[in-house]
Amino acid sequence: MITITEKAQSQIMHIRQQEGYSDQHHIRVSVKGGGCSGLMYDLNFDAQIQPQDEIFEDKSIKILVDKKSLLYLLGTELDFSDGLNGKGFQFVNPNASRTCGCGESFAI
């Protein structure tokens, strides 16, 4: 399962409205090769649910994850930070053995 914090939920809803996305656009979280630690997070809006997707819902936000990415993301929490260390979405992933300084890539 993947969860989101209240700050992340608020920011997702704000961006959805600001960018003109409908409620049919869900959050897609995936993992791709790359980054300084080997794997990178990818986060977008997507209105297309694919047959290989797992669907989670937390705080009225649907989260789409393909089965391959789910292996790396189980138990992950999506957060949003606007503090001094930078502004943006952050992944709190219990499966990551190390992460890069920017938090956008990780290793298992």
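The values are calculated or read from the model by the stated rules, or taken from the named source; none is laboratory data. As the structure is a prediction and not an experimental result, all values here were calculated from the model. Using ideal geometry, Cβ is built from the backbone for each residue, glycine included, and neighbour counts are taken over all protein chains shown.
Points worth noting:
- Check on Met40, in contact with a strand residue (DSSP E or B) (Cβ under 9 Å, 6 or more places away or on another chain), modelled with pLDDT under 95, surrounded by fewer than 17 Cβ atoms within 10 Å (Cβ to Cβ) and under 23 Å from Asp82 (Cβ atoms): yes
- Members of the stretch 2-24 found to be in a loop (DSSP other than H, G, I, E, B), at negative phi and surrounded by fewer than 17 Cβ atoms within 10 Å (Cβ to Cβ), listed by number: Glu19, Tyr21, Ser22, Asp23, Gln24
- Scanning the stretch 23-41 turns up no residue that is in contact with a His (Cβ under 8 Å, 6 or more places away or on another chain) and closer than 17 Å to Phe89 by Cα.
- Residue pairs whose Cβ atoms lie under 8 Å apart, separated by 6 or more positions or on different chains, with the first residue in the stretch 52-73 and under 19 Å from Gln24 (Cβ atoms) and at pLDDT 95 or above and the second aromatic (Phe, Trp, Tyr) and buried (at least 17 other Cβ atoms within 10 Å of the Cβ), are Lys62/Phe56; Ile63/Phe56; Val65/Phe56.
- Within the stretch 32-50, the set of residues being touching an Asp or Glu at 6+ places or on another chain (Cβ under 8 Å) and part of a loop (DSSP other than H, G, I, E, B) comprises Gly35, Gln50.
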